[in-house]
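Report on one structure; see the data block that follows.
The values are calculated or read from the model by the stated rules, or taken from the named source; none is laboratory data. In this text, all values refer to a predicted model and were calculated from it rather than measured experimentally. Methodologically, a virtual Cβ is constructed for each residue, glycine included, from the backbone with ideal geometry; neighbour enumeration extends over all protein chains shown.
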Amino acid sequence: MAAKEKFEKISVLQLDAHSDLRPEYLGSEYNHACAMHWASKNTNLVQVGIRSMDVVEKPFVNHNNLFLASEIAEQDNWQQSVIDKLGETVYLSIDLDYFDPSIMPSTGTPEPGGLTWYPTLDLLQKLAKQKKIIGFDIVELAPNPASTASDFLAAKLYYKILTYIFEN
Ligand SMILES: [Mn+2]
């Protein structure tokens, strides 16, 4: 909301296993299941990696801007198709359950069939080159002391995104 107030015309790029488009959940519109509902109505929302959705979310889906994991996971060159859906000014939101649980198991609601590391870095690097990223978030890390690989993935992802933004 703050980004939209400041820049007016923004696109939101959401990397997530879940569409998070419910208008409310468990009595709250601020539930994590509703995170993208406002963005779907007030911004150009592009969703990537989605593989879990409730039927109540269906009316809010923009099928032109939806990149299902099942469609892109085995495909080449999907990254540019995603970027082509975005305007010039982009807010980036990454739910770590977007990644496949084989490389990112430490999250609250893991879903099989996610994306891997290098194709995602390719997307993010191309994004930073071609668009203006005005902010980003990385959410849903649930650290597991018995296995720290996911924590390192999240930290490295921050580092990579900052590098891609500032190398331009
Ligand atoms: Mn999610």
So, of the residues in segment 148-168 that are at pLDDT 95 or above and of a type in the set (S, T, N, Q), which turns out to be nearest to L68 (Cα to Cα)?
S150
Kindly check whether there is at least one residue in segment 112-135 that is in contact with a Leu (Cβ under 6 Å, 6 or more places away or on another chain), hydrophobic (A, V, I, L, M, F, W, C) and either buried (at least 19 other Cβ atoms within 10 Å of the Cβ) or at pLDDT 95 or above (or both).
yes
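Of everything in segment 136-168, what is of a type in the set (D, E) and surrounded by 12 or more Cβ atoms within 10 Å (Cβ to Cβ)? Give them in sequence order.
Of the residues in segment 136-168, the ones of a type in the set (D, E) are 137, 140, 151, 167.
E140, D151 - these are the residues of segment 136-168 that are of a type in the set (D, E) and surrounded by 12 or more Cβ atoms within 10 Å (Cβ to Cβ).
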Pairs with Cβ under 8 Å, 6+ apart, first in segment 75-101 and without any contact (Cβ under 8 Å) to a residue 40 or more places away in the chain and within 16 Å of the ligand (Cβ to nearest atom), second assigned to a strand (DSSP E or B) and not aromatic (F, W, Y)
D100/L115; P101/T107
For segment 30-40 the number of residues that are at pLDDT below 95 and either basic (K, R) or within 14 Å of the ligand (Cβ to nearest atom) (or both) is 5
Checked segment 48-103 for anything out of contact with any Lys or Arg (no Cβ under 8 Å at 6 or more places or on another chain) and acidic (D, E); matches are E71, E74, D76, D84, D95, D97, D100
Please tell me if E57 is over 13 Å from the mean Cα position of the chain (by Cα) and either assigned to a loop (DSSP other than H, G, I, E, B) or away from the ligand (no atom under 16 Å from the Cβ) (or both).
no
Residue by residue through segment 1-29, note down the ones that are more than 20 Å from L86 (Cβ to Cβ) and either outside any loop (DSSP other than H, G, I, E, B) or away from the ligand (no atom under 14 Å from the Cβ) (or both).
H18, P23, E24, Y25, L26, G27, S28, E29
Segment 45-67 - residue that is closer than 19 Å to Y98 by Cβ and of a type in the set (S, T, N, Q) and, of those, surrounded by the fewest Cβ atoms within 10 Å (Cβ to Cβ)
N62
Applying the selection to segment 14-44, what residues are under 18 Å from Y98 (Cβ atoms) and aliphatic (A, V, I, L, M)?
L15, A17, L21, A33, A35, M36, A39
Cβ pairs under 7 Å, 6+ apart or interchain, first in segment 108-131 and under 18 Å from H18 (Cβ atoms), second at pLDDT below 95 and surrounded by 14 or more Cβ atoms within 10 Å (Cβ to Cβ), ordered by first then second residue, are G113/A73; L115/A73
Matching residues in segment 106-122 - criterion: being part of a loop (DSSP other than H, G, I, E, B) and more than 14 Å from the ligand (Cβ to nearest atom)
T116
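Step by step: first the residues of segment 74-105, then only those that are of a type outside the set (V, I, T) and in a strand (DSSP E or B), then the one that is surrounded by the most Cβ atoms within 10 Å (Cβ to Cβ). Which residue is that? Lay out the reasoning, then the answer.
Our first condition is that a residue be of a type outside the set (V, I, T); within segment 74-105, this holds for 74-81, 84-88, 91-93, 95-102, 104-105.
If we keep only those that are in a strand (DSSP E or B) too, we end up with 91-93, 95, 99.
On the way: Y91: 21, L92: 22, S93: 21, D95: 24, F99: 26.
Step by step, filter segment 74-105, then rank; the result is F99.
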